[in-house]
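Structure record follows, encoded as C-alpha cells.
Where a number appears in this text, it was derived from the coordinates with a stated rule and is not lab data. Given the structure is predicted, the values throughout are model-derived calculations rather than measurements. Methodologically, a virtual Cβ is constructed for each residue, glycine included, from the backbone with ideal geometry; neighbour enumeration extends over all protein chains shown.
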Amino acid sequence: MKKLATLAFLGCFGMASAYVVPNYTENTEGDGTFALTSTGTAGRTFQMTIAASQLAGINGLEITGMAFRLNGPGTANWPPVDANFTFWDIYLGPGVAPGSMSNTFADNFTAAPTQVRSGALTFPAGSFTFGNTPNAFGPTIAFNTGYVYTGGNLTIEMRFSQQTGATTQSPLDAVAVAGGPGNGWGVDFAARWTGNAQGTSGSNGNFLVTKLDVVPEPATLTAVGLGVLMLLRRRRQAK
C-alpha cells in the first residue's frame with residue numbers, strides 16, 4: 001500500500017504538459033522565420049509580449065521551460081555542430097498589451113520581472129530537426145526557477161552571449177511582423193530585439209513560435225499529493 005501511495009504521489013508530480021504560443025501554430029507553420037542566435041561578439045536581447053487571451057489555458061500553472069523549432073520544412077538539422085553560449089538569461093514578468101509594446105525593453109514589464117534562468121547553454125549538434133511542416137520542437141531551455149503564471153499579459157525576455165562552435169544562425173519558425181495584425185502580430189503577441197545582450201532598446205522582430213513547458217504550481221501539487229495519500233489511507237482503513 002505504501003508503494004502504491006508513493007507511485008500515485010509521484011504521478012501527480014509528473015503532470016507536465018506543453019503549451020504553444022501563438023495558439024494557432026501548435027500544428028501549423030508560422031508565416032515567417034527568425035535567426036535568433038548570433039555569432040556577433042555582443043550577443044543578443046530578444047523580448048516577447050503575449051496577450052492574456054493566448055495564455056488562458058495555463059492560468060495558475062508553473063512555467064518551467066521553453067523551446068523553439070526550425071522553420072519548416074528545412075533542409076538540414078541544426079546546429080551542424082554544438083552551439084555554445086557562455087550565458088543565456090531569461091526573465092518573465094507581467095507585461096503590457098502587445099499593441100502597446102515599446103522599443104524600450106524595461107517599459108514592457110508592468111512589474112519587476114523574475115529571472116528564471118541564468119548560466120551557460122548548449123544546443124547539441126542536430127538537436128533541431130527538419131522534414132516536417134511544422135517541425136518538431138527542439139531541446140527545452142529549462143528554467144532554474146519556475147514561474148507561476150497568474151493571468152494577464154506576459155513578457156518574456158532573453159539575453160544571451162555570442163554563439164560559439166556552430167557558425168550558422170538558427171533559422172527558427174516565427175510569425176512575421178509584416179503579416180500583422182491579421183496573423184496576430186501586434187494584437188495577440190509582439191516582439192523586439194537588438195544585437196546586444198546588454199541592450200536597453202530594440203526594434204520590431206518576428207515573433208518566435210514558442211512551446212512553454214508547464215506543471216501545476218508546487219502548492220497545488222502538494223495539495224493533490226496529500227489528497228491522494230488521504231484517499232489511499234481511507235481505503236485501507238475501510239478494508
5 Å is the cut-off here: which amide hydrogens, built 1.01 Å from N in the peptide plane, fall below it relative to Ile141, excluding neighbours closer than 5 in sequence? Met66, Ala67
Given 0.36 nm per residue, what is the gain on full extension from Ala176 to Thr164 after removing their alpha carbon distance, in nm? 1.6 nm
Using a 7 Å offset from the Cα along the Cα-to-Cβ direction at both Ala35 and Val187, what is the distance between the two label points in nm, to one decimal? 3.1 nm
Nonlocal amide H pairs with Thr210, under 5 Å, H built at 1.01 Å: Val21
Tell me, what HN-Hα J-couplings in whole Hz come from the Karplus equation 6.51 cos²θ - 1.76 cosθ + 1.60 at θ = phi - 60° for each residue of the range 107-118, using x for Gly and Pro? 6, 8, 9, 8, 8, 4, x, 9, 7, 9, 8, 8
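Would you mind calculating the gained length between Ala112 and Asp82 on full extension (0.36 nm times residue separation, minus the Cα-Cα distance), in nm to one decimal?
7.4 nm
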Would you mind ranking Thr122, Thr64 so that the residue whose beta carbon has the fewest other beta carbons within 10 Å leads the list? Thr122, Thr64
To make sure I understand, if each residue's beta carbon is the centre and we count other beta carbons within 10 Å, what order do Trp193, Trp185 fall in, fewest to most? Trp193, Trp185
Under 5 Å between amide H atoms, partner at least 5 residues away or on a different chain: which partners does Phe130 have, H built in plane at 1.01 Å? Asn77
Tail weight of P(r) past 30 Å, computed on alpha-carbon pairs of the range 17-216, percent: 11 percent
Output the relative contact order of the range 168-221, whole-number percent, from Cα pairs under 8 angstrom with separation of 6+ residues. 34 percent
On the formula 1/(1 + (r/R0)^6), with r taken between the Cβ atoms of Ala56 and Tyr24 and R0 of 22 Å, the FRET efficiency rounded to 0.05 is 0.95
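Please compute the length gained on full extension between Thr104 and Ala142, using 0.36 nm multiplied by the number of residues separating them and subtracting their Cα-Cα distance.
Values: separation 38, 0.36 × 38 = 13.68 nm, distance 2.65 nm.
Here the segment from Thr104 to Ala142 would lengthen by 11.0 nm.
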